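The values are calculated or read from the model by the stated rules, or taken from the named source; none is laboratory data. What you see is a predicted model; the values in this text were computed from it and never measured. Neighbour counts run over all protein chains shown; Cβ positions are idealised from the backbone, glycine included. The protein model used for the area step is the full one, side chains on, heavy atoms only, and it has no ligands, DNA or RNA in it. Shrake-Rupley method; radii C 1.70, N 1.55, O 1.52, S 1.80 Å.
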Amino acid sequence: MRRAWVINLDAELELAHGPGFNLGAALTRQLRAHAAPVAATLPEGDVWVDDGGDPRGLLGCAWCPTPRALARLREVGARAPDAPAVEVLRRVNARGFAHAIRALEGEHVIRDASDAARHLASGSWVLHRAFTFTGRGHRPLDGPPGPADLAWIDKGLAIGPVFAAPRLAISLELALHGHLGADGSLERGVATVQHTEHGQWRRSERATDALSEEERRALFDVFEEVADALRGAGYFGPFGIDALRHAGGFHPLSEINARYSMGYPVGMGGW
């Protein structure tokens, strides 16, 4: 079945700020440049609505089915798909959802200035805002935080908690993708190795023999745990979990993306 796609890579910004946020011309151009390689991998006959094709009458599909994405599909004459409520999308894509399932050892939740002073007085950290994407919403910190760091934290706190994860010597980044049906059925893909640069995805490949049996088991177990949590929250649709190996061991859940992600077609064998 042919589909009409909205590749809204700004979904996390909409979830953070609401549908009335102003993306800005520069970021719009940047995200369109990131979306173009995604569009190039779509199945033959599918239409990227921002590329001049005719989407009228086609079933719509969104990178993340936010209110703006669904409105865009209706605007161009595509049929908007069934989608979880925006409150569900916001909850399951916020970093706190993954943190509650399997927090990274030593990760702190910063809810106010006193938390920042208490937890970040020393050490090396990576700060994460509640919603992050394409390398945005992260900040390295070698404590204690200075005025610019505190201003960054304060801006993040306007959206939700800020998470301070120990800075690790990461040797391998992984992902495992899946799809939850509206009926609760689960499809699981294969593990993939993610290659990133400055926090931005560059390419994915199947993991093949990159994981030990113990790591693979841990990754698959937490995948099932995440799927159960997403079901319980009312989510259905594509999702992926990120994992990492570092000098201290293996962490099977560093992030949940309750949407499509760049490595999805590699892990799932297509869109």
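For the chain, the solvent-accessible area works out to 47 Å² per residue, with a probe of 1.4 Å and every protein chain left in place. A simple charge model with +1 on the Cβ of Lys and Arg, -1 on the Cβ of Asp and Glu and nothing else charged puts the dipole of segment 110-159 at about 180 debye relative to its Cα centre. Shown is the FRET efficiency for His34 and Lys155, computed with R0 = 30 Å from the Cβ-Cβ distance and rounded to the nearest 0.05: 0.80. Report summary: the helix-based calculation at 222 nm, which adds -39500 (n - 2.57) for every DSSP H run with n ≥ 4 and divides by the residues of the chain, gives -10000 deg cm²/dmol. Residues whose amide H falls under 5 Å from that of Ala62, counting only those 5 or more places apart or on a different chain, are Val6, with hydrogens built in the peptide plane.
Each listed q (0.20, 0.23, 0.26 Å⁻¹) maps to a log10 I(q)/I(0) for segment 20-112, found by the Debye formula over equal Cα scatterers with no solvent: -1.10, -1.24, -1.35.
Between Thr41 and Leu186, the simple label model (points 7 Å from Cα in the Cβ direction) yields a spacing of 2.3 nm. The slack between Ala148 and Leu59, meaning 0.36 nm per residue of separation minus the straight C-alpha distance, is 27.4 nm. If R0 equals 35 Å, the separation of the Cβ atoms of Ala71 and Thr196 corresponds to a calculated FRET efficiency of about 0.65. Stretching Ser122 away from Arg136 to a fully extended chain increases their span by 2.7 nm, per 0.36 nm per residue minus the current alpha-carbon distance. Within segment 199-247, the proportion of C-alpha pairs whose separation exceeds 18 Å stands at 45%.
FRET efficiency for the pair Ile170 and Leu23, taken as 1/(1 + (r/R0)^6) with r the Cβ-Cβ distance and R0 = 30 Å, rounds to 0.50. Accessible area per residue (1.4 Å probe, heavy atoms of protein chains only) ranks Glu214, Glu205 as Glu214, Glu205, with the largest value leading. Using all pairs of distinct alpha-carbon atoms, the Kirkwood hydrodynamic radius of the chain works out to 19.4 angstrom. Have a look at His251, Ala62, Gly20 and report the one farthest towards the positive end of the charge dipole of the chain, computed about the Cα centre with Cβ charges (Lys/Arg +1, Asp/Glu -1). Farthest along the dipole direction, towards plus: Gly20. The stretch between Arg2 and Ala247, if pulled fully straight at 0.36 nm per residue, gains 83.7 nm over its current Cα-Cα span.
Ordered from largest to smallest accessible area (heavy atoms of protein chains, 1.4 Å probe), the residues Met1, Met268 come out as Met1, Met268. Charging the Cβ of each Asp and Glu at -1 and of each Lys and Arg at +1, and nothing else, the dipole of the chain about its Cα centre rounds to 620 debye. Seen from Glu173, the other residues with C-beta closer than 9 Å to its C-beta sum to a net charge of 0, counting Lys and Arg as +1 and Asp and Glu as -1.
Here the chain has 50 percent of its accessible surface on carbon and sulfur atoms, given a 1.4 Å probe and all protein chains in place.
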